1. Per residue of the range 25-36, what does 6.51 cos²θ - 1.76 cosθ + 1.60 with θ = phi - 60° give for ³J(HN,Hα)? Whole Hz please, x for Gly and Pro, Karplus curve as stated.
2. At a 1.4 Å probe radius, which order do E145, E179 fall into by accessible area, largest first?
3. Once you sort the root eigenvalues of the Cα gyration tensor of the range 243-283 as a ≥ b ≥ c, which label holds: rounded (a/c under 1.5), prolate (a/b larger than b/c) or oblate (the other case)?
4. Quick one: net charge around A71, please, counting Lys, Arg +1 and Asp, Glu -1 for every other residue with C-beta under 12 Å from its C-beta.
5. Test of understanding: express the Cα radius of gyration of the chain as a ratio to 2.2 N^0.38 Å, with N the residue count.
6. Does the range 330-385 classify as rounded, prolate or oblate by the C-alpha gyration tensor (a ≥ b ≥ c root eigenvalues; a/c under 1.5 gives rounded; else a/b over b/c gives prolate, otherwise oblate)?
7. Mind ranking K239, K111, K326 by accessible surface for me, highest first, 1.4 Å probe?
8. Where does the range 261-395 land on Rg(C-alpha)/(2.2 N^0.38 Å)?
Amino acid sequence: MAIFCAAETASMAGFALVPSLLPQLSTQWSLSATQGGWLGGIFFLGYILAVPILVGLTDRVDARRIYLACASLSSVALAGLASFADGFAAALFWWWLAGLGLAGTYMPGLKALTDRLPIAVQSRATAFYTATFGVGAGLSYLWIELLRGLLPWPALFALAAACTALAVALVWRGVAPGERPTPPAPGGGRWREVLRDRRILAFCGGYFGHNWELFGFRGWLVAYLTWTHANAAHAWTSKPGAFAALATFLAVPASILGNEGAQRWGRSRWLNGVMPLSCVLALVVGFSSGQSSHLLLPLLLVYALSMNLDSAALTAGLLTGTAADKRGTALALYSAIGFAGGFIGPVAFGVALDTFGRASHRGWAAGFVTLACGVAFGRWAIGRIDAPPATSIHP
């Protein structure tokens, strides 16, 4: 578990590059807010196009092999962005390819980990692994904030490529190949079973809403803090990347404690409580834009914590309730639907900014309303787990 968590952290080094550099790249390439949203969201579009195939393959081949190949692809994509991205179109392509690489590392890494652990510890290990995503993302914001004033932006992408190559070396040398999974029955029966499973579909919808909110927030947080600092300078907003790192690090305890709370009080009950809380806080933050930073910034941290109370609870709920021979297929569907939300979140936020004014309080408030809409949908989907099935009434 230590090796996989360390490798995940290293492979996430480039995760915050586009969000952190968005104000600089927007100026350099004359991007609209909608184009900025696309640049942030295209990473997850690459993810969702590849993940059904790559994660589904983990039911047929050792997930370690998929991890190694796709982490290598991520390293190549980041190096390509450092070397060849000279405008919006080229950056879209290379950042999309980096997202495709993530599709073969995050969930396949989780599958490779849980395949090597006894069932009794899989839920807790899942919580630690998914929380490590927050560690990697937070460290990504932090090191970029520390170095972006010292190095040109292509050099930052090159450093991230080297870190991803380190993740490849860690798993290649530190994790032994596993046994080949039992080949599934031919045909699409496994996918049909998963698509007909009401519980799996509810978790997929919940994850969609969670990622819409989470990645919409992370994609625009540095730009939001930069705008806030320009309107009312504050020590906390003078280094927006450091503040974004702190907000992202809060995902770690929130995710782990969220899974513990779900185990203690019941998963559905927990999710049905914390997701509306996050929705309300999104609206409060949005309509507090432009207010005193002494109030707004602590509120942002509380909101950042709240939006991660459902993360590990969702993923662990899917994994622990799904038979081992269907787990890879279920994870493929879960990831594809979930990270579709990760694509929509930044784009919807950018469209709201362009519609209501990127330089106005109203525009940023509208952006946070889109985040509230995302998690509200996730809460509705999770509520379908306990809802009685529809029945026909005949006279």
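The values are calculated or read from the model by the stated rules, or taken from the named source; none is laboratory data. On a predicted model such as this, the values are computed, not experimentally measured, just so you know. With ideal geometry, Cβ positions are generated from the backbone for all residues, glycine too; neighbour counts draw on all protein chains shown. Calculation scope for accessible area: heavy atoms of the full protein, side chains included, ligands and nucleic acids excluded. Shrake-Rupley method; radii C 1.70, N 1.55, O 1.52, S 1.80 Å.
1. Ordered by residue, 3J(HN,Hα) equals 5, 4, 6, 5, 9, 6, 8, 6, 5, 5, 5, x Hz.
2. Details: E145 25, E179 170 Å².
From most accessible down to least: E179, E145.
3. oblate
4. Working: positive: R64, R65; negative: E8.
The answer is +1.
5. Details: Rg = 20.2 Å, N = 395, 2.2 N^0.38 = 21.3 Å.
In units of the 2.2 N^0.38 Å rule of thumb, it is 0.95.
6. Values: a/c = 5.27, a/b = 2.04, b/c = 2.58.
It comes out oblate by the Cα gyration axes.
7. Listed by decreasing accessible area, they come as K239, K326, K111.
8. Working: Rg = 17.8 Å, N = 135, 2.2 N^0.38 = 14.2 Å.
Scaled against compact globular proteins, the figure is 1.26.
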